[in-house]
């Protein structure tokens, strides 16, 4: 495991170290998500571009309308699968 350090500015901003940006494929304008896992520990995930999850419910609908609950369940499954740690 590689340990990288960064300093927090007075505005609460942090510059992600270049090796981290490179390994996650993070570029200017990309969005990231932070998940607090326990006190003092968080993870960082690069978010996909808008629209990259388009069609994730297509297999559920089979030409019929989906309820809000069915949509929420399908989206939840997709996100868990997409962002689960491997």
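Observations
- Judged by the gyration tensor of its Cα atoms, with axes a ≥ b ≥ c, segment 1-47 is rounded; a/c sits under the 1.5 cut.
- Calculated FRET value between residue 23 and residue 80, using beta carbons and R₀ = 25 Å, to 0.05: 0.65
Read-outs throughout are calculated quantities, based only on the coordinates presented, and are distinct from any laboratory measurement. The structure displayed is predicted, hence computed values, not measured ones. Neighbour counts run over all protein chains shown; Cβ positions are idealised from the backbone, glycine included.
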